[in-house]
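Trainee: Here you go, one structure.
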Amino acid sequence: MTGIPIEHGMLLAGILFALGMIGLLVRRNIIFMLLSIEIMLNAAGFAFVLAGARWGQPDGQVMFIFILAMAAAEVAVGLALVLQLYTRFKTLDVDSASGMRG
């Protein structure tokens, strides 16, 4: 059984990570920032799974399970922050909320 070459998979993981980083740096809406972090975490998990499959070890899949658990915790904390930000400032724009500090 032949799978995809590891170079192609790592290239895809790198592109996904770069898209997540660009989304995190460019967008100022906190929802899009959280989505960008999720994309970056999934790209890192994909790279771990590829590396584990390349060497025939289950370590990559175990790391991906840890990444999924961390992503679930990040979503829970992130959504709590979104609710607090919207309740306090009536906006989801990070720049306007940080400018209201006083």
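The values are calculated or read from the model by the stated rules, or taken from the named source; none is laboratory data. All of these numbers come straight from a predicted model, not from anything done at the bench. Cβ atoms come from the backbone with ideal geometry, glycine included; neighbour counts cover every protein chain shown.
Trainee: Considering the range 1-24 alone, what residues qualify as being modelled with pLDDT of 95 or more and aliphatic (A, V, I, L, M)?
Mentor: Across the range 1-24, the qualifying residues are MET10, LEU11, LEU12, ALA13, ILE15, LEU16, ALA18, LEU19, MET21, ILE22.
Trainee: Return yes when ALA47 is under 30 Å from THR87 (Cα atoms) and surrounded by 13 or more Cβ atoms within 10 Å (Cβ to Cβ) and no when it is not.
Mentor: Details: under 30 Å from THR87 (Cα atoms): no; surrounded by 13 or more Cβ atoms within 10 Å (Cβ to Cβ): yes.
When the stated conditions are applied, ALA47 does not pass them.
Trainee: Could you please give the count of residues in the range 50-65 that are among the aliphatic types (A, V, I, L, M) and either surrounded by 14 or more Cβ atoms within 10 Å (Cβ to Cβ) or closer than 16 Å to LEU16 by Cβ (or both)? Outline the logic, then answer.
Mentor: From the range 50-65, those among the aliphatic types (A, V, I, L, M) are 50-51, 53, 62-63, 65; that's our starting set.
Those left that are additionally either surrounded by 14 or more Cβ atoms within 10 Å (Cβ to Cβ) or closer than 16 Å to LEU16 by Cβ (or both): 50-51, 53, 63.
Matching residues across the range 50-65 total 4.
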